[in-house]
Amino acid sequence: MMQPSGPCPECGSSQIVEDSLYSQTQFVCEDCGAVVSEGLLTTTLSEEKHLNGLQRIRSLCRILRFSSNIEESSEVLFKKAYYHPAFLSTHTEKKEALAGCCVLVACRQNDWPITMGTISYLLQANGEVMHKVYTELIQKLHLETPPTDLTQLIESHCNSFNLSPSSCPDLFSEDTTRLAKRASELLELADETWLVTGRQPVPILTAVTYMSWLSLRPVVSRLNISLINFCKIAKVPVPAPASKRLIELQDVLCKLGQGLPWLRGVKLDRKSVAKYTEDILKHRGILLRQAMRKYEEEWENEQKCSSVSLSDSEEDVQGPPLKKTKLDEPSEGAASGDQDKGVSSNTSGHKGKEVVLNSEKKKSQCPSLFLPPCLQNPHPRREREVVAELDVFGDEEILDSEIDMYIRTPEEVQALCQAQAKLTKSS
Amino acid sequence: MDGESSLESYFDQSIVGENSQCLYTPAIDFEGDLSIRSPLHSSTFISAPVEQNKALTEDFSVVDLSFLPDELSVQDEPLRDGAEQQESDVRDSGFVCMATPGEQIPSESSMALPGASPFCPLPMTPMTPMTPMTPVSESSGIVPQLQNIVSTVNLACSLDLKSIALRARNAEYNPKRFAAVIMRIREPRTTALIFSSGKMVCTGAKSEEQSRLAARKYARVVQKLGFPAKFLDFKIQNMVGSCDVRFPIRLEGLVLTHQQFSSYEPELFPGLIYRMVKPRIVLLIFVSGKVVLTGAKERSEIYEAFENIYPILKGFKKV
C-alpha cells in the first residue's frame, strides 16, 4: 500500500522515509530532504471496504460469542471471497452481506447452529441480498456447508423467549430448560411426520415452543392464549407461517392421541390436544407405529373389498367408492385418516401427466398415514393441459395467412401513428 | 411396523411390476443408521469404486451400476435369468440377487453412488430377510415431461426494433426496460426476444420441433416486415423437464449422503438443488417427490439424469 516509488529523483538515495505533514503522508528522501511523493492515497477504496468487512466480521463474532476458530476461518474466507472476481466489483450492499455470509459458512462448517435470519438481522442486511450472496459464495468458491440441524437451534430459540417470572405473570412463566426439552421432543415428532422438510425453520421453532409451553401447564388460562398473544407476552416476533405449522403439529398430535387407550372416548381436537401432549410424547414411538399399522390394515381391507384387479381405469373408479365406505365407518382415527386416504387415493387417481411405460398397472402402494402437507392437501390445480404433443416436425410449411395475422395493416399503422402523435403533442 | 409391512408389500409386488430395483427395507429408519454394510459382500466380484467414502445407505440393492465397465454386463446375463427364475419359485426366503446394469449403462458415470455394489452371483439365504429384487435394468417407468425449451437463432441482419414494434401486432418494445422486442405467437405458444443485432431467443416451446417451428415463424414475421432475415445457427440452449416419483423424499438425508452434489437450504428454497455431474444437469428435488430437471441440451440428457436419480431417491423412500 504505502510504497515509495523508487529512489529519490534528486540525489538517487534509496533512503526514503515516510513522514506525515498535517496527517497527509509524504515520502521524503532522508539524504537530501526532497519530497518524493505526497498525497498518496494510503488505501484504495476496495481495500478500505475489505478492512470494513473484516471489522464487521470481528464484531459479529464477538456479539455472538464465537470461538476464535470460527472467527479466523470466516476472516480467511472473507479474504478469499473478497478478491474473487465475482465479488470484487459489486455494490457495497453485497460486500456487506458477504461478511455475514462468510461468518455463516464458517459456523456451518464448524457445526455451530445459526440461521441466516439471525445474521441478516444483526447486520441489518436485506434478506434477499443475503440469500443471493450466500448462494453465489457457495457456488463460486465450491464450498460444502452441511445444513444446520434444527434440534440444535431449538435451545437458543427458546432462550430468546422472555418467560422469566419477573417479566410475566406467574402462570405464564416457564423454565427455559424444560421448555427447550419439551420443544425438542415435539420438533423430533414434527420431523418424523414430514412437517419440517423443505420448510423455513424459524416458524416451526416458534410453533413448537408454543405447543411446548401450552403442554407443560395446560391450565385454562394458558390454553386461552393464542400463538400471537404468546409471542407478545414473550416479546418475540411471530413469523407468518407459524400458525399454519401449529395447526399441522396439532393435527399430528390428534392423530397420534387417538391411539392412547385412555383417550378412547375423549374427543380430541386441536384445542384440547395440549392437555394430552405429554402422554403422547412419552409414547410417541409406539403410537406412531401403531397408527401407521392400523392405517395400512384399514387401507388393505378397503382394497380387498372394493375391487379385485387394479387396473388404470378402475383406480379412478375406486376413488369415490373408497370415500363412501370410509365416511360410513365411525371407526377410531377414521376422522383424520379419512381425509388422508380420500385425498391420497384421489391424487393417485389423477395421475395426469406421467406416461406409464409398463402396460400392466402396478399395484398401488399403501399411501402413508403421515405425508408432507403439500401432498395431503393438493392444490386444486387447473388440469395441466396435457398437451397432446402437437405432431410437429419443425420443418413444415408456414402458411402466409398465419403470418399475416401478426402484422398490422397499413391503416392500423397509420391510426397508431396519429394516436401517438396526438399523445406526444398533448403531453 | 416396518418389517411387517415390507413383507406384505413384497407379496403384493409383481416381479416385473414395481418398476425398479430391489428394495432393501430394514426395520430401521434410514436417518438413524448410515453405516450398515452388506453382509453379502463377495470378494470375487468387483465392488464399485465408491467415490465418496461416506456412509452407505441401507439400500444397497438400489444402486445405479452404470459406472461398471461394460464387460460385467456380459458376465451377469446368465445370472440374471437364473435369478429371475428363482425369484418366482422361492417366495418366502428373501434372497439377494444383485441387480445388473443390463442395457442401462450410460457410458461412464462419475456420479458418486450411495453404495458399493455387493455382488452376489447366486441366490443365497441372507442373514436378514430382504425383498427380492428386480433387475436394475428396468427403468423407473416414469418419463419426465418437457416443459420448456430455449433456443437461439441468428437472423443475420440488423433490425429496426421501433419499426418492428410499430408494424407487428404481437410485439412489445420498451427500450427503457429492455433492449429487445418481445414477440409472441399463438401456435406453438411461445415468446421470442428479438434484438437489434438480428439475434433471437425463442422460449416456451414444449419440444425441439415446436421450438424450431416457432423460431421459423418469428423469422417469417420479421421477413414480412421487410427485413432480409435468414435462419442461421438454430441451436437449442436449454431444456427443462419435470416429473413426479410419487413418494415423499427425505431431503435432509439426501443432502447428507450426497453432500458434494446437493445443496439444501430450507431458509432459501424449499427444494434440494442437485448438480449432477454426468450428465451435467441440475435437478430440483422437492419433498413431495416432484423433480424438475434443467440445463440439458438434449432430451436424452434429461432422461438419463432422471434414470440416474431415481434409484437414489428410491433409497430414501420410507416404506
Leading residue by the ranking (nearest to B:R167 (Cα to Cα)) among those in the range B:217-231 that are more than 9 Å from chain A (Cβ to nearest Cβ) and part of a loop (DSSP other than H, G, I, E, B)
B:G226
Which condition number in (1) surrounded by fewer than 19 Cβ atoms within 10 Å (Cβ to Cβ); (2) at pLDDT 80 or above is the one that A:A106 fails?
(1)
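Scan the range A:250-272 for residues that are among the hydrophobic types (A, V, I, L, M, F, W, C) and either outside any helix (DSSP H, G or I) or modelled with pLDDT of 85 or more (or both) and jot them down.
Scanning the range A:250-272 gives A:V252, A:L253, A:C254, A:L256, A:L260, A:V266, A:L268.
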Return the residues of the range A:86-95 that are assigned to a helix (DSSP H, G or I) and at pLDDT below 75; say none if nothing qualifies.
A:A86, A:F87, A:L88
Selection count where residues are small (G, A, S) and in contact (Cβ under 8 Å) with a residue 24 or more places away in the chain, scope the range B:154-192
5
Note on A:L123: of the conditions (1) more than 25 Å from A:A207 (Cα to Cα); (2) within 14 Å of chain B (Cβ to nearest Cβ), unmet is (2)
From the list B:E187, B:E208, which residue is in contact with a Gly (Cβ under 8 Å, 6 or more places away or on another chain) and surrounded by fewer than 20 Cβ atoms within 10 Å (Cβ to Cβ)?
B:E208
Conditions (1) without any contact (Cβ under 8 Å) to a residue 24 or more places away in the chain; (2) under 20 Å from A:E71 (Cβ atoms): number failed by A:K95:
(1)
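Name the single residue that is nearest to the other protein chains (Cβ to nearest Cβ) among those in the range B:245-278 being assigned to a loop (DSSP other than H, G, I, E, B), under 21 Å from A:M130 (Cβ atoms) and in contact with a Lys or Arg (Cβ under 9 Å, 6 or more places away or on another chain).
Taking the range B:245-278 first, the residues assigned to a loop (DSSP other than H, G, I, E, B) are B:245-250, B:258-261, B:265-271, B:277-278.
Then drop every residue that is not under 21 Å from A:M130 (Cβ atoms), which leaves B:265-271.
Then drop every residue that is not in contact with a Lys or Arg (Cβ under 9 Å, 6 or more places away or on another chain), which leaves B:266, B:270-271.
Working: B:P266: 6, B:P270: 4, B:G271: 7 Å.
Residue satisfying both the conditions and the ranking: B:P270.
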So which pairs qualify, if the first residue must be in the range B:210-223 and over 12 Å from A:E402 (Cα atoms), the second must be in a helix (DSSP H, G or I), the Cβ gap must be under 8 Å, and the two must be at least 6 apart or on different chains?
B:V222/B:I164
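Specify the residue that is nearest to the other protein chains (Cβ to nearest Cβ); the eligible residues are those in the range B:279-295 that are surrounded by fewer than 22 Cβ atoms within 10 Å (Cβ to Cβ), at negative phi and in contact with a Leu (Cβ under 8 Å, 6 or more places away or on another chain). Before the answer, list the steps.
To start, the set of residues in the range B:279-295 that are surrounded by fewer than 22 Cβ atoms within 10 Å (Cβ to Cβ) comprises B:279-280, B:282, B:284, B:286, B:289-290, B:292, B:294-295.
Applying the additional criterion that residues be at negative phi yields B:279-280, B:282, B:284, B:286, B:290, B:292, B:294.
Still in the running and in contact with a Leu (Cβ under 8 Å, 6 or more places away or on another chain): B:282, B:284, B:286, B:292, B:294.
Details: B:V282: 11, B:L284: 11, B:F286: 7, B:V292: 13, B:T294: 15 Å.
Filtering first and then ranking leaves B:F286.
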For the range A:122-227, give me every one of the helices (runs of 4 or more DSSP H) that falls completely inside it and has 2 or more residues that are farther than 30 Å from A:L88 by Cα.
A:150-159, A:176-192, A:201-216, A:220-223
Given (1) out of contact with any strand residue (DSSP E or B) (no Cβ under 8 Å at 6 or more places or on another chain); (2) more than 14 Å from every other protein chain (Cβ to nearest Cβ), where does B:E209 come up short, assuming only one miss?
(2)
Could you tell me which of the residues B:S242, B:S196 is within 12 Å of chain A (Cβ to nearest Cβ), in contact (Cβ under 8 Å) with a residue 12 or more places away in the chain and either more than 20 Å from A:D404 (Cα to Cα) or crowded, with 23+ Cβ neighbours inside 10 Å (or both)?
B:S242
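The values are calculated or read from the model by the stated rules, or taken from the named source; none is laboratory data. Remember, predicted model here, so these are calculated numbers, not experimental data. Counting neighbours? That spans all protein chains shown, and the Cβs are built from the backbone with ideal geometry, glycine included.
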